[in-house]
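No lab work stands behind these numbers, since they all come straight from the coordinates. Quick caveat, the model's predicted, so the values are computed rather than measured. Here the Cβ is made from the backbone with ideal geometry for all residues, glycine too, and neighbour counts use every protein chain on show.
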């Protein structure tokens with residue numbers, strides 16, 4: 001299994017509070033991604049990174065920010081959590097080459113109350 | 001932007017063959033991938049097609065037609081453990097995958 005871990009695995013937070021989710025990899029892969037998964041919507045890209053300090057927005061980036069200060073860590077921050085951000089969040093990594101196989105973490109279930 | 005369409009649900013019986021279709025619209029295209037996700041689990045990679053044609057990996061095959069912006073995943077000799085959601089995904093540069101909404105496959109005995 002690819003070395004990718006997400007923390008925390010579960011979190012309940014209150015509306016208006018900031019929340020940070022962490023993704024840590026031991027594969028030295030260049031690319032890292034944050035997706036959210038909601039029923040009926042599949043996996044939607046929030047932000048991604050193509051190198052240290054190089055990040056870009058995905059299709060549902062509003063209300064989220066990211067940081068990548070070193071290769072192995074990619075942080076996702078909900079600046080002021082809202083109930084609409086209740087979701088399962090997946091981190092993924094991928095390396096170089098034609099085969100764009102992405103490896104996913106086990107997910108973080110976030111509930112905003 | 002990109003969009004992908006795939007059926008929301010498919011039902012089949014053990015031992016049968018099932019095909020899950022995916023059509024896509026994208027301004028740039030590098031390849032089409034397929035992922036499997038069991039309930040409560042993480043998506044796992046199944047296959048990738050960059051060129052037209054059929055790729056076979058055991059009981060699973062994936063097909064791509066770039067001219068038709070169309071692909072499919074073929075599952076043969078269905079087993080109960082194949083009950084899961086299946087996602088197609090396109091890569092449009094910078095290696096950020098865009099996923100379809102997923103097809104829930106239910107295999108019945």
> For the stretch A:10-74 and the stretch B:47-109, what is the separation of their Cα centres, given in Å?
Replying inline: 25 Å
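So what is the relative contact order of chain B, in percent, for Cα pairs below 8 Å that sit 6 or more residues apart?
Numbers: 280 pairs, mean separation 40.1, N = 109.
About 37 percent, as a whole number.
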> Per residue of B:36-48, what is the mean number of Cβ atoms on other protein chains within 10 angstrom of that residue's Cβ?
Replying inline: 4
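Which whole number of Å³ per residue matches the convex hull of the alpha-carbon atoms in chain B? Please report the intermediate quantities before stating the final value.
Working: hull volume 10.0 nm³, N = 109.
Each residue corresponds to 91 Å³ of Cα convex hull volume.
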> Using r as the Cβ-Cβ distance of residue B:69 and residue A:65, and R0 as 35 Å, what FRET efficiency do you calculate, to the nearest 0.05?
Replying inline: 0.55
>> Quick check: pseudo-label points 7 Å beyond the Cα along Cα→Cβ at residue B:11 and residue A:50, how many nm apart are they?
In response: 4.5 nm
> If only Cα atoms are counted, what is the Rg of chain A, and what is its Dmax, in Å?
Replying inline: 13.3, 42
> In peptide A:37-43, what is the residue-averaged number of other protein chain Cβ atoms found within 10 Å of each Cβ?
Replying inline: 6
